[in-house]
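See below for the structure under consideration.
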Amino acid sequence: MESRTHPLDRALPRVPRDISLSTYALLFSEVVRYTTNRVNSVPELEQKLAVIGRRVGVRLVEVMAMRDRTSRRRIKIHDVLAFLQTNLWRTLFGKPADLLEQVTSDVCSYMLSDHDMLVNKFISISKEYGDLNCAAFVGGIVEAAVDGMGFPAEVAAHTVEGKGTTLLIKFDHTKIPQEAL
Amino acid sequence: MMSLRSAADTEFCAPVAKQQQQQQRPKTTAASTTTTMGIYSVYVINKAGSLLFSGDYAPIPSMDANSRLRLAGLLHGLTTFAGKLSPVDDQSGIEEIEGDGFRLERFQPLSGMQFVVLCDTQQGPLKPFLRKCHRLYADFVLKNPFYSIDMPIRCELFDTHLKAAVEEINRS
């Protein structure tokens with residue numbers, strides 16, 4: 001019989017292999033279905049998905065910090081955002097996010113857009129779910145990741161015409177030092 | 001594989017029946033005989049014989065929902081019957097029906113789902129297209145958390161991808 005190493009026995013620095021998109025999509029679909037059956041409203045559903053995402057994000061940012069050979073701390077807000085757009089997105093989806101913009105009126109609000117969000121690839125939202133976007137799950141991952149890096153923020157997922165899915169990242173004014181901006 | 005060819009077939013597939021078209025709108029019939037239209041309609045039927053999806057992709061006389069449901073059930077019954085008729089151990093049932101003005105191709109993967117396409121007689125084999133329909137169903141319907149199994153398919157992404165697949169065939 002083929003000997004298999006348990007994922008937990010594998011060395012952490014090793015970069016994980018790609019996994020099947022179909023399996024991932026079916027699993028995510030089941031997560032959404034499970035959550036849908038346990039909530040009463042669309043905002044509640046998004047919130048629950050975000051909570052599940054946060055549990056992923058907390059672990060992800062830790063393992064990424066361990067794998068990061070430069071061991072550099074990101075203390076500027078733009079470094080954190082660049083980390084999200086490239087490193088985090090590449091680890092999660094194998095490609096950087098398409099667009100990173102600052103909300104003009106606010107130095108602490110940013111928009112991270114992806115035309116082709118992987119989790120939404122096979123999901124059609126019917127009318128009764130209104131403006132639900134299942135990328136709330138990814139929003140939760142991002143929220144936990146920035147929190148782990150010391151930049152607490154609120155993240156909301158929106159569907160934007162022409163841009164695909166946009167994550168609105170609102171950093172907490174009060175907890176971000178002036179020097180980090 | 002079974003190939004049926006008879007005048008009665010035109011009754012079975014009313015949307016493309018030649019005689020009916022001549023009676024109702026002679027002009028469109030003249031147009032459809034000169035230019036090929038490729039794929040007329042696509043149907044998805046579940047293993048119990050109920051219609052989950054139907055779409056028309058050519059200007060053909062439309063049919064009401066009840067007739068579509070009835071025809072899907074009838075086709076399912078016929079194909080079970082055809083499988084039973086077969087003297088050798090072959091449960092594949094009807095794979096193709098050819099009429100004077102149209103052809104019907106049917107594909108049934110192991111899951112028992114049935115994918116049916118209606119096209120004009122000049123159209124080449126559509127087996128690869130039906131396999132693609134099956135793939136689109138597996139992707140955009142079954143991986144959609146808001147779809148419950150054996151219910152009518154109302155998934156926007158499935159509609160758009162299927163439409164693109166049909167248009168690709170109709171253009172070539």
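Per the 1.4 Å probe, what fraction of the accessible area of the protein assembly as shown, in percent, lies on carbon and sulfur atoms?
Numbers: 11030 of 20310 Å².
Whole-percent figure for carbon plus sulfur exposure: 54.
I want to check the label-to-label distance for B:ALA48 and A:ASP131. Put each point 7 Å from Cα in the C-beta direction and report it in nm to one decimal.
It is 3.8 nm.
Exceeding 26 Å between C-alpha atoms, which entries from my cross-link table qualify? They are A:LYS48/B:LYS143; A:LYS48/A:LYS121; A:LYS170/B:LYS143; A:LYS127/A:LYS163.
Details: A:LYS48/B:LYS143 20 Å; A:LYS48/A:LYS121 20 Å; A:LYS170/B:LYS143 31 Å; A:LYS127/A:LYS163 20 Å.
In this structure, A:LYS170/B:LYS143 exceed 26 Å between Cα atoms.
Please list, or write none, the aspartates and glutamates whose alpha carbon is within less than 15 Å of the alpha carbon of B:LYS84, excluding same-chain residues fewer than 8 places away.
Correct list for B:LYS84: B:GLU95.
Listed highest first by mean packing, meaning other Cβ atoms within 10 Å per residue, what order do B:117-123, A:125-131, A:160-166, A:142-148 come in?
Values: B:117-123: 19.1, A:125-131: 11.9, A:160-166: 14.4, A:142-148: 23.1.
The most tightly packed comes first, giving A:142-148, B:117-123, A:160-166, A:125-131.
Looking only at other chains, what is the average number of their beta-carbon atoms within 10 angstrom of each beta-carbon in A:33-44? Mind showing how you got there, number by number?
On the way: counts 5, 1, 1, 2, 1, 0, 0, 0, 0, 0, 0, 0.
Mean partner shielding for this stretch: 1.
Please calculate how many Å² of accessible area the range B:52-142 carries per residue, with a 1.4 Å probe and no DNA, RNA or ligand atoms counted. Could you put the intermediate results ahead of the total?
Working: 4310 Å² over 91 residues.
Per-residue value: 47 Å².
If you count, for every residue in B:134-146, the Cβ atoms of partner chains within 10 Å of its Cβ, what is the mean? Walk me through the numbers on the way to the answer.
Numbers: counts 0, 0, 0, 0, 3, 5, 4, 2, 5, 12, 9, 17, 12.
The per-residue average across the peptide is 5.
Averaged per residue, what accessible surface does chain A expose to a 1.4 Å probe, in Å²? Write down the numbers at each step before the final one.
Values: 11150 Å² over 181 residues.
Accessible area per residue, chain A: 62 Å².
How many square angstrom of accessible surface are buried between B and A, both sides summed, with a 1.4 Å probe and rounding to 100?
Result for this pair: about 1200 Å² buried.
Which lysines have a Cα lying under 22 Å from the Cα of A:LYS175, excluding residues fewer than 8 positions away in the same chain?
Straight-line reach from A:LYS175, under 22 Å: A:LYS76.
Quick one: which of B:146-153, A:80-87 comes out on top by average Cβ neighbours within 10 Å, and what's the full order, highest first? Walk me through the numbers before you get to the answer.
Values: B:146-153: 14.0, A:80-87: 18.4.
In decreasing order of mean packing, B:146-153, A:80-87 become A:80-87, B:146-153.
The values are calculated or read from the model by the stated rules, or taken from the named source; none is laboratory data. Note that the structure is predicted; figures quoted are calculated from it, not measured. All Cβ positions, glycine included, derive from the backbone under ideal geometry; neighbour counts span all protein chains shown. Please note that ligands, DNA and RNA were not included when accessible areas were found on the heavy atoms of the full protein model with its side chains. Shrake-Rupley method; radii C 1.70, N 1.55, O 1.52, S 1.80 Å.
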